[in-house]
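**Student:** The structure that follows is given in the form of structure tokens.
The values are calculated or read from the model by the stated rules, or taken from the named source; none is laboratory data. Small disclaimer: the values here were computed from a predicted structure and weren't measured. When we count neighbours, we look across all protein chains shown, and the Cβ atoms used for this are built from the backbone with ideal geometry, even at glycine. To get the accessible areas, we keep the full protein, side chains included, count just its heavy atoms, and leave off ligands, DNA and RNA. Shrake-Rupley method; radii C 1.70, N 1.55, O 1.52, S 1.80 Å.
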Amino acid sequence: MPPTAQEELHRLVHGPCDPAFLTELHKALATDDPQLLHRLGALGATLPPADRLFEDPARLTALHAWTAVTDPSLCLAALVHHLLCLGSMARLGDGSTHLAGRMEALRSGRAKGVYLITEAGRANSHLATRTVAELDPESGEFVLHTPDPGAAKFGSAGTLDVPQTAVVLARLVTDGTDRGVFGFVVDLSGAEGLLPGIEVSSPLGLGALPLDYVQVRFDHVRVPYGQWLADGAARESDGTFHDPAGSPERRLERTLRVGQGLWATMPAVAAATARQSAVQAVDYARGRPTQARLSPGAPLLSYRTQQRAVLGALADAFALTCAAHGARRVWEESLAGRAQPPGTGTAMGFTPWAAVSRPLAAYKAVTVRLAAQLIAECRRRCGFSGHLDANRLAAYGGFHDAFDTAGGDSQLILYDIGRALADEAREADGPEAPVTALPSPLAPGWWTAVVRRHEATLARELAHRSRATGDRTPFEVWNPLLEDAGLLGEVHATALLAGDTVRALDAVQDQSLAEALRPLAALHGVVAARRLAGSLLAHGTLRPADVRELPGAADELCDALLPRLPLLTEAFAFPKDLAADPTWTRGGTA
């Protein structure tokens, strides 16, 4: 029996999770327990055992998406806890019983997970990790040490009165030889405070996303051999060292592949917070009467400017939702070994992230940025109400603003992707594809055709401009072109969203639902084209007449969406006991 329209819409919004899991997750998030470990434990109880954590990516992405809507700070702690700390142990460990107890303590909330990768003293520290783990051949232990203050790790490890277990990325040295960057499982603190050899700074405040940030140093901390996340590497009894990665650079890529889970989950988080923000903005505009002299008493949503903004936000939230499915599929293919392995794609440049997974790094960068822009617009359109803590728009915005650099700097990711695409276009150097007529901007497929054409144009132009001549170094070639490389990377990532939106729409079986979603998908394209209008015009992808038609197309699509708003806002909204639901509270009297 084919699914009903309601079942299809629910699956599109929340993914292919068992409804019973979502009910269980709802209960876990509805608690008012203030203790972080208890809340992490309640979330962990809805997940598979720690050694099977990654068998259900849909469940992991949905858990963090719902958590972000409920409490962005808890979501950040959970992302680090589950995907980076536990994930490193599950994916890079040897499956031995040595880590089993720590993994179960993390899943059950008896310990808090931390991931320490960034070093505070230098930019691009991921490419030149200086924290050292030197193997002591006599004891078989590793000696973990911070060589100078600039190599201190930055992370959310300041909750010193609870057990904290960290995965620390450090440069492995055996017999005086650099073997590359590996993860090491290190206990930072217990119920009595910091453990010997662990030093932390005073708290580092970050109001946009409040957590327990500190800098962490290691003073010759002894780490047992079994807490090395070797990922297949080993030092034999005769002293020989084997690593399937083959080189220190490839080792870094393999160690960091755990980041794929974070990047695959961020689009779902971005989509969830964007949907909730857009629903709030639409509801505000529908229920807010205006007293402007143009039309006293008219609801705010009757104004075209407001329609284009808040219905455009709803459309972008829909596109983010479709992208969440696309990112999850890429991650599932990677977990199943069907995706391109690390080290065979984008070369390392500013960061290792695009080399680990170009599509997932692109998804992370573009979805986080689009969600931040969308939430900021919703906040502006809600006036004073948009700034109230009760509405959480500021918290959602702070979360995504922080993640523009956290989890892999988005701008650096886009630089690397753009450079790689230009290099590939230069190597291909074939004839231009024939220009075909574009469909109407009222059609969902219009934007996909436009943005793919624009990507090809930008790649050809950048390839031509970046042809090295004479003795120019890579820095001399690319330094003046980085803005263009970043734009190409952004357009490439934007094309991923456009393609996912069309694919999701084509997969809808219920025709009445498809009719309701088509103008939403098309409006996303029109709104996105208006954002990129300058570049589209400058490179001839669209003509001035095409851009002048976009406001009229947006209005026509808004008219098609207005009668469908009850269906869409009901489907996009989260349960009221989890999402912001501000009410009027009377002040007390003496």
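**Student:** Please indicate, with yes or no, whether at least one residue in region 263-285 is closer than 19 Å to A233 by Cβ, in contact (Cβ under 8 Å) with a residue 60 or more places away in the chain and open to solvent by 10 Å² or more (accessible area, probe 1.4 Å). Give the steps one after another, and end with the answer.
**Tutor:** Taking region 263-285 as the starting set, the residues that turn out to be closer than 19 Å to A233 by Cβ are none.
Checking region 263-285: not a single residue is closer than 19 Å to A233 by Cβ, in contact (Cβ under 8 Å) with a residue 60 or more places away in the chain and open to solvent by 10 Å² or more (accessible area, probe 1.4 Å).
**Student:** Residue by residue through region 149-158, note down the ones that are in a loop (DSSP other than H, G, I, E, B) and either modelled with pLDDT of 95 or more or touching a strand residue (DSSP E or B) at 6+ places or on another chain (Cβ under 6 Å) (or both).
**Tutor:** Filtering region 149-158 for residues in a loop (DSSP other than H, G, I, E, B) gives 152, 156-158.
Correct list: A152, A157, G158.
**Student:** So, one more: Which one is surrounded by the most Cβ atoms within 10 Å (Cβ to Cβ) among residues in region 303-336 that are of a type in the set (S, T, Y) and touching a residue at least 12 places away in the same chain (Cβ under 8 Å)?
**Tutor:** Let us first name the residues in region 303-336 that are of a type in the set (S, T, Y), namely 303, 305, 321, 334.
Still in the running and touching a residue at least 12 places away in the same chain (Cβ under 8 Å): 303, 321, 334.
Working: Y303: 16, T321: 25, S334: 22.
It comes out as T321.
**Student:** For region 396-428, give me each residue that is in contact with a Ser or Thr (Cβ under 9 Å, 6 or more places away or on another chain), in a helix (DSSP H, G or I) and surrounded by fewer than 20 Cβ atoms within 10 Å (Cβ to Cβ).
**Tutor:** Residues satisfying the conditions are Q411, D423, R426.
**Student:** Let me ask you something else. Would a scan of region 438-453 turn up a residue that is basic (K, R) and farther than 23 Å from S357 by Cα?
**Tutor:** Taking region 438-453 as the starting set, the residues that turn out to be basic (K, R) are 452-453.
Narrowing the set further to residues that are farther than 23 Å from S357 by Cα leaves 453.
Yes; the residues of region 438-453 include at least one that is basic (K, R) and farther than 23 Å from S357 by Cα.
**Student:** Of the conditions (1) part of a helix (DSSP H, G or I); (2) of a type outside the set (D, E); (3) over 14 Å from L557 (Cα atoms), R308 fails just one. Which one is it?
**Tutor:** (3) is the only condition that R308 fails.
**Student:** Only one of (1) touching a His at 6+ places or on another chain (Cβ under 7 Å); (2) assigned to a helix (DSSP H, G or I); (3) open to solvent by 10 Å² or more (accessible area, probe 1.4 Å) fails for D555. Which number is that?
**Tutor:** Every condition holds for D555 apart from (1).
**Student:** Which of the residues that make up region 93-103 are modelled with pLDDT of 90 or more and surrounded by fewer than 16 Cβ atoms within 10 Å (Cβ to Cβ)? Even if it seems obvious, please write down each step before you answer.
**Tutor:** Keep residues of region 93-103 that are modelled with pLDDT of 90 or more, which gives 93, 99-103.
Those that are modelled with pLDDT of 90 or more and surrounded by fewer than 16 Cβ atoms within 10 Å (Cβ to Cβ): A100, G101.
**Student:** Which condition breaks for A170 when tested against (1) open to solvent by less than 10 Å² (accessible area, probe 1.4 Å); (2) more than 21 Å from E104 (Cβ to Cβ); (3) in contact (Cβ under 8 Å) with a residue 60 or more places away in the chain?
**Tutor:** Failed condition: (3).
**Student:** So V143 passes all but one of these: (1) in contact with a His (Cβ under 6 Å, 6 or more places away or on another chain); (2) under 24 Å from W263 (Cα atoms); (3) open to solvent by 10 Å² or more (accessible area, probe 1.4 Å). Which condition number does it fail?
**Tutor:** Checking V143 against (1) in contact with a His (Cβ under 6 Å, 6 or more places away or on another chain); (2) under 24 Å from W263 (Cα atoms); (3) open to solvent by 10 Å² or more (accessible area, probe 1.4 Å), the one that fails is (2).
**Student:** Would you pick out the residues in region 233-249 that are in a loop (DSSP other than H, G, I, E, B), open to solvent by 60 Å² or more (accessible area, probe 1.4 Å) and touching a residue at least 12 places away in the same chain (Cβ under 8 Å)?
**Tutor:** Selection gives P244 alone.
**Student:** Here's something else I'd like to know. Given the conditions (1) of a type in the set (K, R); (2) out of contact with any Leu (no Cβ under 8 Å at 6 or more places or on another chain); (3) over 22 Å from V143 (Cβ atoms), report the number of the one that R288 does not fulfil.
**Tutor:** Result: R288 fails condition (2) only.
**Student:** Sticking with this one: Does G525 satisfy the criteria of being within 28 Å of G349 (Cβ to Cβ), open to solvent by less than 10 Å² (accessible area, probe 1.4 Å), at pLDDT 95 or above and among the small types (G, A, S)?
**Tutor:** Values: within 28 Å of G349 (Cβ to Cβ): no; open to solvent by less than 10 Å² (accessible area, probe 1.4 Å): yes; at pLDDT 95 or above: yes; among the small types (G, A, S): yes.
Answer is no for this residue.
**Student:** Of the numbered conditions (1) in contact with a Phe, Trp or Tyr (Cβ under 9 Å, 6 or more places away or on another chain); (2) of a type in the set (K, R); (3) more than 16 Å from T265 (Cα to Cα), R59 satisfies every one except a single condition; which is it?
**Tutor:** All conditions are met except number (3).
**Student:** S139 versus (1) in a loop (DSSP other than H, G, I, E, B); (2) in contact (Cβ under 8 Å) with a residue 24 or more places away in the chain; (3) within 26 Å of C75 (Cβ to Cβ); (4) more than 25 Å from the chain's Cα centre (by Cα): which is the lone unmet condition?
**Tutor:** Condition (3) is where S139 drops out.
**Student:** Quick test for you: out of P34, P57, P49, pick the one residue that is out of contact with any strand residue (DSSP E or B) (no Cβ under 8 Å at 6 or more places or on another chain), touching a residue at least 24 places away in the same chain (Cβ under 8 Å) and either of a type in the set (D, E, K, R) or open to solvent by 30 Å² or more (accessible area, probe 1.4 Å) (or both). Reasoning before the result, please.
**Tutor:** Values: P34 fails: touching a residue at least 24 places away in the same chain (Cβ under 8 Å); P57 fails: either of a type in the set (D, E, K, R) or open to solvent by 30 Å² or more (accessible area, probe 1.4 Å) (or both).
Only one candidate passes the filter, namely P49.
**Student:** On to the next question. The conditions are (1) among the aliphatic types (A, V, I, L, M); (2) closer than 27 Å to L74 by Cβ; (3) in contact with a Leu (Cβ under 8 Å, 6 or more places away or on another chain), and V173 fails exactly one of them. Which is it?
**Tutor:** Against the list (1) among the aliphatic types (A, V, I, L, M); (2) closer than 27 Å to L74 by Cβ; (3) in contact with a Leu (Cβ under 8 Å, 6 or more places away or on another chain), V173 comes up short only on (2).
**Student:** Also: Could you list all residues from region 356-388 that are in a loop (DSSP other than H, G, I, E, B) and either within 17 Å of Q276 (Cβ to Cβ) or open to solvent by 50 Å² or more (accessible area, probe 1.4 Å) (or both)?
**Tutor:** Our first condition is that a residue be in a loop (DSSP other than H, G, I, E, B); within region 356-388, this holds for 357, 382, 388.
Of everything in region 356-388, those that are in a loop (DSSP other than H, G, I, E, B) and either within 17 Å of Q276 (Cβ to Cβ) or open to solvent by 50 Å² or more (accessible area, probe 1.4 Å) (or both) turn out to be C382, L388.
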